[in-house]
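Undergrad: Handing you this structure, nothing more for now.
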Amino acid sequence: MSEFIQFIQERHEQILLLIWEHSYISFIAVMAGFLVSVPLGIILTRTEKMNRYVIGFVNILQTIPSLALLGLMIPLLGIGAVPAIVALFLYSLLPMLRNTFTGIMEVDPALKEAAKGMGMTSFQILWKVELPLAISIIMGGFRTATIYTISWATLAAVIGGGGLGYLVFTGLGVANDNMLLTGALATAMLATIADFITRKIQNVCTPKGLRSNRAN
């Protein structure tokens, strides 16, 4: 234990830098995924013929092994943070796309008919009825994608993307248990913090009426 603490003290600057790199590539990937998947999920609720093909394609992306997808990025984008972010972006799409689509589709049709009867346009129904009722489910997808992406980002080090994976894979390569443990614990810590923050965001985004119903 004393050796582990000493390792952290000696390498604290490098560890903090790697935590920053890990957080950076994860954040960029998830936010890019959010900006793509939410509008796309909304569009798919309006186009029944397209949704099965688009969601099916994103499902296929999810089945590609992480190392294989990172390997495919190298001939296209080289090595470094950019191909790692692109790969993580592709992995982050499914939870948010699926939750956006599901959340909007599960809004009670009677509520949408009532809104239409009040003279609301399609956009007004989306903005004032569907999204407020679906936002908790949408943010649940965001929360899931964030946690998964932080875990997957460990593999970014394989293609020179930086992050805590450097400690994990280097520790494995040189049989340094302290380095390996530091990388694993730091990744778990980031995922725990992200889970706490995104849970709070999800609660804030949930309308008060829905929050009180869940509490009951």
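The values are calculated or read from the model by the stated rules, or taken from the named source; none is laboratory data. It should be emphasised that the depicted structure is a prediction, and the values quoted were computed from it without experimental measurement. Neighbour counts are summed over all protein chains in view; Cβ atoms, including those assigned to glycine, are modelled from backbone coordinates with ideal geometry.
Undergrad: Among (1) under 15 Å from the mean Cα position of the chain (by Cα); (2) buried (at least 18 other Cβ atoms within 10 Å of the Cβ), where does G162 come up short?
TA: Among (1) under 15 Å from the mean Cα position of the chain (by Cα); (2) buried (at least 18 other Cβ atoms within 10 Å of the Cβ), G162 violates only (1).
Undergrad: Within the stretch 147-175, can you find the residues that are without any contact (Cβ under 8 Å) to a residue 24 or more places away in the chain and among the polar types (S, T, N, Q)?
TA: T170
Undergrad: Sort out which residues of the stretch 143-180 are of a type in the set (S, T, N, Q) and either at positive phi or part of a loop (DSSP other than H, G, I, E, B) (or both), and write them in order of number.
TA: Matches in the stretch 143-180: N176 only.
Undergrad: Here is a check on your reading of the model: is T45 within 23 Å of A194 (Cβ to Cβ) and either at pLDDT 90 or above or in contact with a Ser or Thr (Cβ under 9 Å, 6 or more places away or on another chain) (or both)?
TA: Values: within 23 Å of A194 (Cβ to Cβ): no; either at pLDDT 90 or above or in contact with a Ser or Thr (Cβ under 9 Å, 6 or more places away or on another chain) (or both): yes.
No, not satisfied.
Undergrad: Still on this structure, please answer the following. For the stretch 1-95, which fully contained helices (runs of 4 or more DSSP H) count at least 2 residues that are out of contact with any Lys or Arg (no Cβ under 7 Å at 6 or more places or on another chain) and among the polar types (S, T, N, Q)?
TA: Values: elements: 2-46, 48-63, 66-77.
Passing ranges, in order: 2-46, 48-63.
Undergrad: Scanning for something of a type in the set (G, A, S), at pLDDT below 90 and part of a helix (DSSP H, G or I), does the stretch 187-197 turn up at least one residue?
TA: Looking for residues that are of a type in the set (G, A, S), at pLDDT below 90 and part of a helix (DSSP H, G or I), one finds none in the stretch 187-197, hence no.
Undergrad: Ok, one more. Quick check on my filter: what residues within the stretch 24-76 are in contact (Cβ under 8 Å) with a residue 60 or more places away in the chain, within 30 Å of L133 (Cβ to Cβ) and polar (S, T, N, Q)?
TA: Hits for the stretch 24-76 are S26, S37, T45.
Undergrad: Quick check on my filter: what residues within the stretch 96-111 are of a type in the set (A, V, I, L, M, F, W, C) and outside any helix (DSSP H, G or I)?
TA: Residue satisfying the conditions is V107 alone.
Undergrad: Among the residues of the stretch 185-206, which ones are buried (at least 16 other Cβ atoms within 10 Å of the Cβ) and aliphatic (A, V, I, L, M)?
TA: A186, L190, A191, A194, listed by residue number.
Undergrad: From the set of residues in the stretch 97-125 that are under 30 Å from A145 (Cβ atoms) and among the basic types (K, R), which is nearest to the chain's Cα centre (by Cα)?
TA: If we take residues in the stretch 97-125 being under 30 Å from A145 (Cβ atoms) and among the basic types (K, R), then R98 is nearest to the chain's Cα centre (by Cα).
Undergrad: Say whether the condition of being loosely packed, with under 13 Cβ neighbours inside 10 Å, within 22 Å of L18 (Cα to Cα) and out of contact with any strand residue (DSSP E or B) (no Cβ under 6 Å at 6 or more places or on another chain) is met by at least one residue in the stretch 167-174. Can you show your working first?
TA: Start the filter on the stretch 167-174 by keeping residues that are loosely packed, with under 13 Cβ neighbours inside 10 Å, which leaves 173-174.
Among the residues that remain, those that are also within 22 Å of L18 (Cα to Cα) are: 173-174.
With the extra rule that they be out of contact with any strand residue (DSSP E or B) (no Cβ under 6 Å at 6 or more places or on another chain), the set shrinks to 173-174.
Yes, some residue in the stretch 167-174 is loosely packed, with under 13 Cβ neighbours inside 10 Å, within 22 Å of L18 (Cα to Cα) and out of contact with any strand residue (DSSP E or B) (no Cβ under 6 Å at 6 or more places or on another chain).
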